[in-house]
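Participant: Would you mind keeping the following structure in view while I ask a few things?
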Amino acid sequence: MDHDVKAEPANVPDPHGTDITDLGHGVFQIDTRMAGYDGITAGYLIRGDRPCLVETGTALSAPVVRDALGRLGIGASDLATVVVTHIHLDHAGGVGDIAEMFPAAQIVVHQLGARHLADPSKLMAGARLFYGDALDRLFGVLSPVPADRIVALEDTGTIDLGGGRRLDSHYSPGHAKHHVGLVDSDNGDLYVGDAAGVYMPETADLRPATPPPDFDLEVALGSLRKFAALQPTRLLFSHYGPVTPVAETLDRSAEEIRVWVEETRRARTAGLDLDHAVAMVRDRTMDRYAAFAPDGDPAVAAKFERLSGAAGNVAGIMYWLDKTEQKSVG
């Protein structure tokens with residue numbers, strides 16, 4: 001398997017304890033330190049005439065993000081916009097807290113996610129059911145956002161960054177029904193959320209992000225084709241960081257999804273349960289990733305699994321296969 005996709009230079013630790021990386025063009029990557037881990041979840045500040053935060057991280061990350069923004073010169077009244085690529089708790093769990101900390105900021109999300117930010121009770125109940133007690137340790141609690149501060153995007157939309165600069169949103173489901181990609185008009189950056197999978201900068205590995213309940217193979221591949229057609233100059237992954245070989249990375253993302261679906265389908269056809277399907281997929285894909293090389297760093301392998309857990313990915317694919325089979329029988 002080709003592993004020649006390269007990351008940009010690694011983050012330089014901020015002396016105050018938060019990793020902040022200057023990516024150029026007024027863009028700063030912030031390590032939001034999900035559950036205390038480094039290099040798992042990234043937020044991005046676009047520091048222009050109308051400062052914009054892309055992704056908040058979890059609720060537990062909100063103080064980390066607030067402090068990082070402060071060190072970047074963004075005070076409580078300065079942040080104009082917060083936009084999330086989708087409402088999963090590792091991307092948007094902190095949006096209610098950030099909205100309270102930065103009372104002038106509008107909160108931007110796709111229209112299918114807007115109601116869940118105004119009233120997160122259903123979203124949190126589902127997350128509690130899935131994660132159990134681990135929810136509090138991993139994510140915390142998503143606080144509601146005042147409805148009058150939420151801007152709901154349609155399938156395409158524009159976010160004003162001031163000075164003629166903008167973020168153009170592009171609906172990109174497949175990972176989540178409420179997912180958007182965001183293109184910076186100034187530099188061509190594409191904020192991919194989870195639609196292109198997760199990227200491991202230490203090893204240049206790329207793995208799918210296919211959790212239940214929204215994963216859909218053809219829809220996900222369609223979003224990747226849309227991203228390629230936008231011809232961005234750089235991909236900014238929420239997990240984790242910037243990648244510049246755009247076409248190669250998007251091609252690999254599509255390939256990884258296909259491989260995982262193919263192997264999960266084989267396991268399902270053989271009548272295997274989820275645990276056995278996960279084992280099959282691990283065996284099939286292990287040598288695709290430098291992070292799992294026999295002579296590799298166990299800490300890097302553990303981090304990669306946190307970035308994109310095999311069990312969650314296979315569960316999402318199985319759920320999709322079950323739905324599609326029911327439709328074909330019906």
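The values are calculated or read from the model by the stated rules, or taken from the named source; none is laboratory data. Values in this document were obtained by computation on a predicted structure and should not be read as measured data. Note that each Cβ is placed from the backbone with ideal geometry, even for glycine, and that neighbours are counted across all protein chains shown. Heavy atoms of the whole protein, side chains included, go into the accessibility calculation; ligands, DNA and RNA do not. Shrake-Rupley method; radii C 1.70, N 1.55, O 1.52, S 1.80 Å.
Participant: Scanning segment 170-195 for residues that are small (G, A, S), under 21 Å from G48 (Cβ atoms) and part of a loop (DSSP other than H, G, I, E, B), which turns out farthest from the chain's Cα centre (by Cα)?
Facilitator: Checked segment 170-195; the qualifying residue farthest from the chain's Cα centre (by Cα) is S185.
Participant: Taking segment 62-91 as the search range and keeping residues that are of a type in the set (S, T, N, Q) and in contact (Cβ under 8 Å) with a residue 60 or more places away in the chain, which one is surrounded by the most Cβ atoms within 10 Å (Cβ to Cβ)?
Facilitator: Residue satisfying both the conditions and the ranking: T85.
Participant: Quick one: which of A99, A147, A125 is over 18 Å from the mean Cα position of the chain (by Cα), among the aliphatic types (A, V, I, L, M) and open to solvent by less than 40 Å² (accessible area, probe 1.4 Å)?
Facilitator: Going through A99, A147, A125 in turn, the sole match is A99.
Participant: Here is a list of conditions, (1) of a type outside the set (G, A, S); (2) open to solvent by 20 Å² or more (accessible area, probe 1.4 Å); (3) within 21 Å of A195 (Cβ to Cβ); (4) in contact (Cβ under 8 Å) with a residue 60 or more places away in the chain, and Y289 meets all of them except one; can you say which number that is?
Facilitator: (2)
Participant: Within segment 178-193, restricting attention to residues that are touching a helix residue (DSSP H, G or I) at 6+ places or on another chain (Cβ under 9 Å) and open to solvent by 10 Å² or more (accessible area, probe 1.4 Å), which residue is nearest to G316 (Cα to Cα)?
Facilitator: H178
Participant: Tell me which residues, restricted to segment 152-168, are surrounded by fewer than 20 Cβ atoms within 10 Å (Cβ to Cβ) and of a type in the set (G, A, S).
Facilitator: If the condition is that a residue be surrounded by fewer than 20 Cβ atoms within 10 Å (Cβ to Cβ) and of a type in the set (G, A, S), then A152, G162, G163, G164 are the ones that fit.
Participant: Can you tell me which residue in segment 132-149 is nearest to I40 (Cα to Cα), limited to those that are among the hydrophobic types (A, V, I, L, M, F, W, C) and out of contact with any Ser or Thr (no Cβ under 6 Å at 6 or more places or on another chain)?
Facilitator: The extreme case among them is L138.
Participant: In segment 259-274, is there at least one residue being in contact with a strand residue (DSSP E or B) (Cβ under 7 Å, 6 or more places away or on another chain), modelled with pLDDT of 95 or more and either more than 27 Å from D297 (Cα to Cα) or open to solvent by less than 20 Å² (accessible area, probe 1.4 Å) (or both)?
Facilitator: Within segment 259-274 (the criterion being in contact with a strand residue (DSSP E or B) (Cβ under 7 Å, 6 or more places away or on another chain), modelled with pLDDT of 95 or more and either more than 27 Å from D297 (Cα to Cα) or open to solvent by less than 20 Å² (accessible area, probe 1.4 Å) (or both)), the answer is no, since none of the residues qualifies.
Participant: Looking at this structure, is P211 free of Cβ contacts under 8 Å to residues at least 60 places away in the same chain, within 14 Å of the chain's Cα centre (by Cα) and open to solvent by 10 Å² or more (accessible area, probe 1.4 Å)?
Facilitator: Taking the combined requirement at face value, the residue does not satisfy it.
Participant: Can I ask one more? State whether the residues of segment 69-83 include one that is outside any loop (DSSP other than H, G, I, E, B), modelled with pLDDT of 95 or more and within 22 Å of D136 (Cα to Cα).
Facilitator: No.
Participant: Which ones in segment 263-322 are outside any helix (DSSP H, G or I) and small (G, A, S)?
Facilitator: Within segment 263-322, A270, G271, A293, G296, S308, G309 qualify.
Participant: Being in contact with a Leu (Cβ under 8 Å, 6 or more places away or on another chain), over 15 Å from E256 (Cα atoms), surrounded by fewer than 24 Cβ atoms within 10 Å (Cβ to Cβ) and not polar (S, T, N, Q) is the requirement here; does L142 meet it?
Facilitator: Judged against the criteria, L142 is not a match.
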